[in-house]
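The values are calculated or read from the model by the stated rules, or taken from the named source; none is laboratory data. The model shown is predicted, which means the values in this text are computed figures rather than measured ones. With ideal geometry, Cβ positions are generated from the backbone for all residues, glycine too; neighbour counts draw on all protein chains shown. Heavy atoms of the whole protein, side chains included, go into the accessibility calculation; ligands, DNA and RNA do not. Shrake-Rupley method; radii C 1.70, N 1.55, O 1.52, S 1.80 Å.
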Amino acid sequence: MCKVNLSTNIAGLKLKNPVIAASGTFGFGREFSEYMDLNELGGISVKGLTLEPRKGNPPPRIAETPGGILNSVGLQNPGVHYFIKEEIPNLRKYDIAIIANIAGNTLKDYCRMAEILNDADIDAIEVNVSCPNVKAGGVAFGNNIQGISEVTKEVKKRFQKTVIVKLTPNVTSIKDIALAAEASGADAISLINTILGMAIDIHKRRPVLANNFGGLSGPAVKPVALRMVYEASSVVKIPVIGMGGISSGDDAIEFFLAGASAVMVGTANFINPAICAEIKKGIENYLMMYNYKDINDIVGKLELYN
């Protein structure tokens, strides 16, 4: 039986397969390279970057929950300049697309990072306007049309390659936010980021996380993510990258049917550091089982009940 085509093109971002390691759960790939061949990936969205190094939130900042985890890491990272100097050369050893995930406290931060990364050896940027565990920035831009429009327009002016805007689920209408990103020049959108949640220690009568709240990710959010990916892809013409609770090839197939052209895998990496390669194989097996020759043939092919 002949091999199927897993390659896809996300608004100029060429992926040899549609499985991307999601930002925040894969670091810069170094640790995971001990458990899997990074060449199995279509791409990697690196640890969220800020203009300057950031220590993140105080611990405890990760808590396990039924069906997932809560995190309030707070974008701990070494800064964009360190990434360019120390991490890009290592990532370029592999045949993968490099996506820089960026976040800022101010519009100026986003603009400056876009300018810096425009000259860097990367393939795309993912604009994180949706991180709910940072008190300043992030969600302040991503939860309203004006904010997301402003950031998207200014970043697009300064970065010449593919601009992906990562959407927060913590909004009233994901359709309106997706349309705003598209209208403001986004080449693609990715969703969903984590859902704002909380855990309480009943013996201490205090929140489990030092930041009080955190972002919920993992299998528990998959039904919400699928619904939002379907809704967003039904109103925009730009490519959609789906994520949220994907931990198997079958999970990924659901997102393709809902309208995603590629998927990002996050929390599952903590359980099985080789899961991305297994998900890629699962996608391939599904396509062969139903005699599809191309991954793009199933994108958006969900048939709703009347």
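Evaluate segment 215-229: report whether one residue or more is on the phi > 0 side of the Ramachandran plot and in contact with a helix residue (DSSP H, G or I) (Cβ under 6 Å, 6 or more places away or on another chain). No - not one qualifying residue is present in segment 215-229. Contact map, segment 80-103: first residue without any contact (Cβ under 8 Å) to a residue 24 or more places away in the chain, second residue crowded, with 20+ Cβ neighbours inside 10 Å, Cβ cut-off under 8 Å, separation 6 or more or different chains; the map is empty. Within the set E303, E284, the sole residue that is outside any strand (DSSP E or B) and open to solvent by 30 Å² or more (accessible area, probe 1.4 Å) turns out to be E303. For the structure I just gave you, tell me whether F270 is in a helix (DSSP H, G or I), open to solvent by 30 Å² or more (accessible area, probe 1.4 Å), within 22 Å of S45 (Cα to Cα) and in contact (Cβ under 8 Å) with a residue 40 or more places away in the chain. The answer is yes for F270. Residues that are under 20 Å from N90 (Cα atoms) and of a type in the set (K, R) were ranked within segment 15-56; the one that is surrounded by the fewest Cβ atoms within 10 Å (Cβ to Cβ) is R30.
Considering each residue of segment 97-111, count those that are open to solvent by 10 Å² or more (accessible area, probe 1.4 Å) and farther than 15 Å from V163 by Cα, and give that number.
We begin by selecting, within segment 97-111, every residue open to solvent by 10 Å² or more (accessible area, probe 1.4 Å); these are 105-109, 111.
Going one step further and asking which of them are farther than 15 Å from V163 by Cα, we end up with 105-109.
Residues meeting the conditions: 5.
In this structure, A120 does satisfy being at pLDDT 95 or above and either buried (at least 17 other Cβ atoms within 10 Å of the Cβ) or touching a strand residue (DSSP E or B) at 6+ places or on another chain (Cβ under 8 Å) (or both).
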